[in-house]
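Enquirer: One structure, as structure tokens, below. Some questions next.
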Amino acid sequence: MPRSHTPEQPSASTMIRGTAGDRSAVGILPPPRKTTATGSERRVGVEIEFAGMETEEAALAVQDAFGGTITYVDKYARRVETDIGAFAVELDMSRAHPDKKPGKPALLDEMDTYVSSAVGAIGRYWMPQEIAAPPIPFSRLYIIDDLVAALRKRGALGTSASPIYGFGIHLNPEVPDTSRETILAHLKAYLLCSDWLHERIDMDVTRRLMRFVAPLPNSYTRMVVDPDYDPSLPDLMVDYFRFNPTRNREFDMLPIFGFIDPRRVRMLSSGKSVSARPTFHYRLPDSRVDRTDWGGIVAEWNNWVHVEWLASDADALAAAGRRWAALYDRGRVSEWKHEVASWLVEPCGTRSAVDIERA
């Protein structure tokens, strides 16, 4: 039997911590590739959804954590300029924000503002506030947990506070590079780690039922994790859209595809708006900003980073893909979540392909 590992107990030598007296309770696990193609440290964008306060108070929580200046954008949106960058704070409901296109007639602008304000006044009772942080070097992600603490102190509510809430934490890790090989390896690795991540996170039942973060279909996973699946980048995009014609996936590839080939993505998405950026979009974690037993943003990053370590090991990735496919073909794919936990280990020590195939 292969040796069982416990990802919750990473070696101290593999973890990154802040300076003496830092606020991070958990060490930050490093990805296998710490820099981008230009040599700069990879950054991570973080989006936090929550309830329990109005937009202005959420902006004040950002100010509590980082100082800075609050700018009024509209009734349900603020911008907070700080020393580490600009935070966007808004009610997460597009219709609650007026369309400020240049050249718009004054009367239409006034009507749009009125309607948006009315929509927001109703929507704020069940839609979350959202704070989008500026991209932060991954080794300093612990500072975003200062914001979580500030929100908690002001009474922010996470997804478990009400059966009608379905709030999440989104991580947007900057890609090491935009090559076909890198993008494909990370997609394969995520599909293989998805069941393990679900077990680790134990997603709130409301979020599962709402399907805003639906898993990628098993039929798609079967195609992609096969070691022989090696498409061109255009074909990878076509296949993705064929099986996933929506942004409501736990691992949303539209931002990175839109950054690499915006014209093709506009065509494949029928002209729908895509927030293109050179990042993966990991949307699975629950927002638990009100819970003191939650490990915070650092803990969610540490879960994610196991995906990157599997992506970096071509032999393990291929062997794991063969094993997943074999279980799927036998109608036993539900067993995978138990197997994957036995070989996913802390960074710097992925299991060998031989051990995976023997399992």
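We did not get these values from a lab; they are worked out from the coordinates using the rules stated. Nothing here was measured: the structure is a model prediction, and the numbers come from that model. Using ideal geometry, Cβ is built from the backbone for each residue, glycine included, and neighbour counts are taken over all protein chains shown.
Enquirer: Stokes-Einstein diffusion coefficient for the stretch 226-326 at 20 °C in a medium of 1.002 mPa s, Rh from the Kirkwood formula over Cα pairs: what value in µm²/s? Numbers along the way, then the final one.
Expert: Numbers: Rh = 15.8 Å.
Approximately 136 µm²/s, per Stokes-Einstein.
Enquirer: Provide, in order from the shortest bin, the percent of all Cα-Cα pairs of the stretch 242-289 in each 10 Å bin, continuing until the bin that contains the maximum pair distance.
Expert: 27, 53, 16, 5
Enquirer: I've got another one for you. Where nothing but the Cβ of Lys and Arg (+1) and of Asp and Glu (-1) is charged, how large is the charge dipole of the stretch 242-321 around its Cα centre, in debye to the nearest 20?
Expert: On the way: 11 positive and 10 negative charges, 144 e Å.
The dipole magnitude comes to about 700 debye.
Enquirer: Here's something else I'd like to know. Just the Cα atoms of the stretch 202-281: what Rg and Dmax do they give in Å?
Expert: 13.3, 37
Enquirer: Can you grab the distance from the C-alpha centre of the stretch 132-148 to the C-alpha centre of the stretch 24-71, Å, no decimals?
Expert: A separation of 3 Å, based on Cα centres.
Enquirer: If you don't mind, another one. Can you tell me the alpha carbon radius of gyration of the stretch 140-190 divided by the globular rule-of-thumb value 2.2 N^0.38 Å? Working shown, then result.
Expert: On the way: Rg = 16.5 Å, N = 51, 2.2 N^0.38 = 9.8 Å.
It is 1.68.
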